[in-house]
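The block underneath contains the structure these notes are about, expressed in structure tokens.
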Amino acid sequence: GFYCPNQTTIFYTSCPQGSFCPTGSYVPQPCPKGTFGATKDLANVTQCTPCTAGKYCPTNGLTAPAGNCSAGFYCTLASYLARPNLVSFGGPCAAGAYCPSGSPSSVPCPRGTYNPTTGGPSLASCLACPAGYHCNGTGLTTNTGKCSAGYYCTGSATSPTPSAGATGGPCPKSNYCPTGSPAPIPCAAGTFANVTTLGACFTCPAGFYCPYASSQP
């Protein structure tokens with residue numbers, strides 16, 4: 001934890017921050033990249049602190065991390081790169097996730113969204129689930145599947161059978177919704193829908209007539 005710089009040394013000197021001094025040192029040894037030395041009097045390299053997760057330590061002899069890892073990447077402990085790639089201490093943000101600056105790990109995209117590519121730097125990298133489909137889970141790289149017959153999904157749906165709301169709902173009367181519908185489709189002339197959640201309109205029965213978009217014969 002100390003060093004003696006020359007042959008005329010009378011008193012030993014404290015090892016400075018960012019360094020370590022084994023027994024018998026005449027010069028401080030810098031903590032290696034990927035670590036830092038926040039306190040004085042470190043006695044060996046194992047007392048240098050691994051770079052904090054989400055940060056990077058690019059040079060020898062640091063007393064604190066240099067800064068946050070770059071957006072679009074994550075850094076685990078002991079990173080010496082702001083944009084790690086193909087290394088054990090981090091990498092590009094995974095598909096299905098996003099990584100703001102200073103991320104210690106990939107952040108899964110929320111339900112109703114997906115991200116098919118790596119390196120997403122922000123929540124905006126997560127794409128809204130397309131109309132007619134649902135994204136029922138976090139960290140998705142693609143949609144979960146089409147919305148169910150009898151329902152429609154306008155976008156960002158989290159269920160194949162959404163309740164009435166901003167992302168879709170049950171198919172209303174006078175309309176039909178086949179599998180994967182982005183919006184209700186009015187019944188054609190000669191057909192009707194007098195109930196909700198239909199995947200196809202009923203054929204108008206004998207003895208009745210059904211004008212365009214009728215709800216009952």
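What number of residues within the stretch 80-119 satisfy the criterion of being modelled with pLDDT under 95 and among the basic types (Lys, Arg)?
0
Checking the conditions here, which among 36, 20, 2, 11 is surrounded by 14 or more Cβ atoms within 10 Å (Cβ to Cβ), over 21 Å from residue 66 (Cα atoms) and aromatic (Phe, Trp, Tyr)? Full working, then the answer.
Details: 36 fails: over 21 Å from residue 66 (Cα atoms); 20 fails: over 21 Å from residue 66 (Cα atoms); 11 fails: surrounded by 14 or more Cβ atoms within 10 Å (Cβ to Cβ).
The match here is 2.
I need the full set of residues from the stretch 148-180 which are within 17 Å of residue 127 (Cα to Cα) and part of a loop (DSSP other than H, G, I, E, B), in order please.
154, 155, 156, 157, 158, 159, 166, 167
Find all pairs meeting these conditions: Cβ atoms under 6 angstrom apart; at least six residues apart or on different chains; first residue within the stretch 9-31 and within 14 Å of residue 45 (Cα to Cα); second residue of a type in the set (Val, Ile, Thr).
17/63; 18/63; 20/45
So residue 57 clears everything in (1) open to solvent by 60 Å² or more (accessible area, probe 1.4 Å); (2) closer than 30 Å to residue 18 by Cβ; (3) not hydroxyl-bearing (Ser, Thr, Tyr) except one condition, right? Which one?
(1)
Restricting attention to the stretch 139-156, and to residues there that are touching a residue at least 40 places away in the same chain (Cβ under 8 Å) and under 18 Å from the mean Cα position of the chain (by Cα), which single residue is surrounded by the fewest Cβ atoms within 10 Å (Cβ to Cβ)?
By that ranking, first place goes to 141.
From the list 193, 206, 189, exactly one residue is surrounded by 21 or more Cβ atoms within 10 Å (Cβ to Cβ) and farther than 22 Å from residue 111 by Cβ. Which is it? Steps first, answer last, please.
Details: 206 fails: surrounded by 21 or more Cβ atoms within 10 Å (Cβ to Cβ); 189 fails: surrounded by 21 or more Cβ atoms within 10 Å (Cβ to Cβ).
Going through 193, 206, 189 in turn, just one is surrounded by 21 or more Cβ atoms within 10 Å (Cβ to Cβ) and farther than 22 Å from residue 111 by Cβ: 193.
Please name all residue pairs, on different chains or six or more residues apart, with Cβ atoms under 7 Å, provided the first residue is in the stretch 179-200 and is over 21 Å from residue 167 (Cα atoms) and the second residue is buried (at least 19 other Cβ atoms within 10 Å of the Cβ) and among the aliphatic types (A, V, I, L, M).
187/193
Mind listing whichever residues of the stretch 87-101 are within 29 Å of residue 29 (Cα to Cα) and either surrounded by fewer than 19 Cβ atoms within 10 Å (Cβ to Cβ) or of a type outside the set (Gly, Ala, Ser) (or both)?
Within the stretch 87-101, 87, 88, 89 qualify.
Suppose we filter the stretch 126-147 for residues that are in a loop (DSSP other than H, G, I, E, B) and in contact with a Cys (Cβ under 8 Å, 6 or more places away or on another chain); how many remain?
Keep residues of the stretch 126-147 that are in a loop (DSSP other than H, G, I, E, B), which gives 126, 129-132, 135-144, 147.
Add one more test, that the residue is in contact with a Cys (Cβ under 8 Å, 6 or more places away or on another chain), and what stays is 126, 129, 131-132, 135, 138-140, 143-144, 147.
Residues in the stretch 126-147 being in a loop (DSSP other than H, G, I, E, B) and in contact with a Cys (Cβ under 8 Å, 6 or more places away or on another chain): 11 in total.
Filter the stretch 1-40 for residues that are under 28 Å from residue 89 (Cβ atoms), out of contact with any Pro (no Cβ under 8 Å at 6 or more places or on another chain) and in a strand (DSSP E or B) and give the result.
30
The values are calculated or read from the model by the stated rules, or taken from the named source; none is laboratory data. None of these values were measured; they are calculated from a predicted model. With ideal geometry, Cβ positions are generated from the backbone for all residues, glycine too; neighbour counts draw on all protein chains shown. Heavy atoms of the whole protein, side chains included, go into the accessibility calculation; ligands, DNA and RNA do not. Shrake-Rupley method; radii C 1.70, N 1.55, O 1.52, S 1.80 Å.
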